[in-house]
Amino acid sequence: MSMSVPEIRSQFPILSRSVYGKPLVYLDNAATAQRPLAVTGLWQKLALEENANIHRAVHHLAAQATDAYEGARDAVKEFLHASAREEIIFTSGATASINLVAFSFGEAFVHEGDEIIVSVAEHHSNIVPWQLLCERKKAVLKVLDIRENGVLAVEDLEKLLTERTKIVAISHISNVLGLVNPVREIVQICHGKGIPVLVDGAQGIVHEPVDVQALDCDFYAFSGHKLYAATGTGVLYGKRKWLEAMPPYMGGGEMIETVRFSGTTYAPLPEKFEAGTQNFNAAPTLVPAIEMVRAMRSDASVEREQQAILDYVYTNITEDERIVLYGTEKSAKIPLFSFGVKGAHHEDLALIMDKMGVALRSGQMCAEPLMDRLGVTGLLRASFAPYNTLEEAEYFIECLNRAINMLV
């Protein structure tokens, strides 16, 4: 099923509301996307009509809840083109997924003096877990830089890789720069030296079709709340060979095979990494969320609208001498724009534009090392989704001009 932009918007009731007497223009999608009726409807149905613990009981409600939960795993497996459903682990979000790998992979494979590589453009969630691992194991964290246009300096990667490098963790798309990274090339370089790669797909899953087998990445992590699903949902894809070799991240119910005081054995994948009561009312909302993404991607008019938004905003921002855009390589860019305005503070601009009905993100975007690299204390970010329109982009630029004129 394909859906035009107006048809898509009709499925997101919040887009028709007003703030401060102005129509809402929601441009903070990189932080959290809005949810369609199919997601909220299923979420409510599961909570009100099929609420029961999964896997553990034989009664009817438990069977319904289990079927919905495991059906979501099958849907995600197909969406990512994974080779097996056992490679799909449900978590609370990309942060939990990356922490799981950093801990469990680290326990199994990282030792004193070993190295982990991340890029300077990573979200804190793909930096701090590796720092904690390095502190725990006395390993070394190395950093891949960016070029002045924001593109990863992939040409420097081979020089960073050594026989002590155990894993490379990289974002599919930067949440600040809005640039699609050459993940397949990075994987090929690393695999050429026998080094696995984790991809932070929090932004990538939203804007790019993902085939984990074609990418050949070893791990792929993303959050449901950026993909129109319920909050508190997330996915870790991992190649079976790694997941089977890694110890459990947490202990508790469901992740066990047998428990004895003489020793405990663990359940097979994926339960091995899903300890305790799962978010069974929310995880199934990944199914209608994925269906919405497919509908968005199957209508050529949606793609044309997104490209028109990208062209319009990019041109207006880059041609305005008052504005400095970060992540300027247009050929790799999604409709996400992080920028500063000379002589104006990003928080002041965000507050003024909020009064005009435009919701933006301001601050460090959970990427303080990148802010340091760019020489700024914070930025203003406008991130567009397929339910945004060119008219909203035009209104955003109009409001931005008004806000700058008030401050500069």
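The values are calculated or read from the model by the stated rules, or taken from the named source; none is laboratory data. Just so it is clear, the model here is predicted, and its values are computed rather than measured. Here the Cβ is made from the backbone with ideal geometry for all residues, glycine too, and neighbour counts use every protein chain on show. In case anyone asks, the SASA skips ligands and DNA or RNA and just uses the protein heavy atoms, side chains included. Shrake-Rupley method; radii C 1.70, N 1.55, O 1.52, S 1.80 Å.
Annotation: TYR249 carries an accessible surface of approximately 80 Å², with a 1.4 Å probe and no ligand, DNA or RNA atoms counted. Relative to the longest principal axis of the Cα atoms of the chain, helix 94-109 runs at roughly 40 degrees. Per-residue Karplus couplings for the range 232-240, computed as 6.51 cos²θ - 1.76 cosθ + 1.60 with θ equal to phi - 60°, are listed in order as x, 10, x, 9, 10, 8, x, 4, 3 Hz, Gly and Pro entered as x.
Near VAL176, no amide H atom lies under 5 Å from its own; only residues 5 or more places off or on other chains count, and H is placed 1.01 Å from N. For LEU144, the amide hydrogen comes within under 5 Å of the amide hydrogens of VAL118, SER119, VAL120, counting only partners 5 or more places away or on other chains and with H modelled in the peptide plane. State the answer as a single residue: which of ALA403, GLY363, ALA344 lies farthest towards the positive end of the charge dipole of the chain, with beta carbon charges of +1 for Lys and Arg and -1 for Asp and Glu, about the Cα centre. About the Cα centre, the residue reaching furthest to the positive side is GLY363.
For the chain, the longest principal axis of the C-alpha atoms and the axis of helix 346-355 are separated by about 80°. Its DSSP H runs of at least 4 residues, each contributing -39,500 (n - 2.57), put the calculated 222 nm mean residue ellipticity of the chain at -11500 deg cm²/dmol, to the nearest 500. Loop-located GluC sites (Glu not before Pro) in the range 252-322 (DSSP state other than H, G, I, E, B) with a sparse environment of at most 10 neighbouring Cβ atoms within 10 Å: GLU319, GLU321. Loop-located trypsin sites (Lys or Arg not before Pro) in the range 48-128 (DSSP state other than H, G, I, E, B) with a sparse environment of at most 14 neighbouring Cβ atoms within 10 Å: ARG56. Against the longest principal axis of the chain, how steep is helix 37-49, in degrees 0 to 90 to the nearest 10, with axes from Cα atoms? Relative to the chain, helix 37-49 is tipped by roughly 40 degrees.
Each Lys or Arg adds one and each Asp or Glu subtracts one; over the other residues with Cβ under 12 Å from the Cβ of VAL19, this totals +2. Under the combined filter of DSSP loop state and at most 12 neighbouring Cβ atoms within 10 Å, the range 123-232 retains these GluC sites (Glu not before Pro): GLU148, GLU163. Rolling a 1.4 angstrom probe over the protein heavy atoms with all chains in place gives the range 251-311 an accessible area of 48 Å² per residue. Straight-distance candidates among the lysines for linking to LYS193, with alpha-carbon spacing under 27 Å and chain neighbours fewer than 8 residues away dropped: LYS137, LYS138, LYS142, LYS159, LYS166, LYS239, LYS241. Per-residue Karplus couplings for the range 70-86, computed as 6.51 cos²θ - 1.76 cosθ + 1.60 with θ equal to phi - 60°, are listed in order as 6, x, 5, 5, 4, 5, 5, 4, 5, 4, 8, 6, 6, 7, 8, 5, 5 Hz, Gly and Pro entered as x. What the phi angles of the range 174-185 give under the Karplus curve with 6.51, -1.76 and 1.60, with θ = phi - 60°, is a coupling list of 5, 6, 9, 7, x, 10, 7, 7, x, 4, 4, 5 Hz, glycine and proline written as x.
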